[in-house]
1. Would you be able to tell me the number of residues in the range 138-153 that are within 18 Å of S96 (Cβ to Cβ) and exposed (fewer than 12 other Cβ atoms within 10 Å of the Cβ)?
2. Among the residues of the range 1-41, which ones are modelled with pLDDT of 95 or more and among the aliphatic types (A, V, I, L, M)?
3. Output the residues belonging to the range 92-114 that are assigned to a loop (DSSP other than H, G, I, E, B), farther than 20 Å from G15 by Cβ and within 16 Å of the chain's Cα centre (by Cα).
4. Output the residues belonging to the range 133-153 that are within 23 Å of G6 (Cβ to Cβ) and either in a loop (DSSP other than H, G, I, E, B) or touching a residue at least 24 places away in the same chain (Cβ under 8 Å) (or both).
5. In the range 85-109, what residues are without any contact (Cβ under 8 Å) to a residue 60 or more places away in the chain and either closer than 18 Å to L26 by Cβ or out of contact with any Leu (no Cβ under 8 Å at 6 or more places or on another chain) (or both)?
6. Checking the conditions here, which among K132, K117, K152 is of a type in the set (D, E, K, R) and farther than 26 Å from H48 by Cα?
7. So, of the residues in the range 18-62 that are free of Cβ contacts under 8 Å to residues at least 12 places away in the same chain and of a type in the set (S, T, N, Q), which turns out to be surrounded by the fewest Cβ atoms within 10 Å (Cβ to Cβ)?
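The values are calculated or read from the model by the stated rules, or taken from the named source; none is laboratory data. No experiment lies behind these values; they were computed from the predicted model shown. Cβ placement follows ideal geometry from the backbone for every residue including glycine, while neighbour counts extend to all protein chains displayed.
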Amino acid sequence: MKIMVGGTFDPLHDGHKTLITRSFELAGTGGHVTIGLTTDVFASRKQHPVRIFEERRTNLEKFIRSRNFPAEWSIEPLNDRYGSALDADFDALVVSEETLQAATEINRLRRERGKRKVDIHQITCVLAEDGKWISSTRIYRGEIDEHGHIRKR
């Protein structure tokens, strides 16, 4: 199965790892996962600082290699919300609750371009110890660590 997933992945936290892992599970042996990684320009819209593209790419590659997933994979620059998902030949998008709307929009735009609709697989966001979503913003604010543990102040 050909899967697409995208994000900024900085810092690479347990929620991101769940999203990526699910992508590889769906792709399965012989499948392919395309990971859209936001470019520095696109990531600059974030409310918090973001590491440079190459550093984020390296961290993502280290995680993927450490898991020995059976599917092939590639990382491509993501310059906007859609990347190559509007025209690429693939089977499914894997998204979180936060990015479900973008996936729905991708399918709408694909239909307008005469492309087939792709499946959307939504994961549930991973919760921190306090019951709120693990997010990069919360990590940068110092509220939690990348595993969702409350930081002592």
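1. 0
2. M1, I3, M4, V5, L12, L19, I20, L26, A27, V33, I35, L37
3. Keep residues of the range 92-114 that are assigned to a loop (DSSP other than H, G, I, E, B), which gives 96, 113-114.
Subset that is farther than 20 Å from G15 by Cβ: 113-114.
If the condition is that a residue be assigned to a loop (DSSP other than H, G, I, E, B), farther than 20 Å from G15 by Cβ and within 16 Å of the chain's Cα centre (by Cα), then no residue fits.
4. Across the range 133-153, the qualifying residues are W133, I134, S135, S136, T137, I139, Y140, E146, H147, G148.
5. Result: D87, E97, E98, L100, Q101, A102, A103, T104, E105, I106, N107, R108.
6. Values: K132 fails: farther than 26 Å from H48 by Cα; K152 fails: farther than 26 Å from H48 by Cα.
Going through K132, K117, K152 in turn, the sole match is K117.
7. S44
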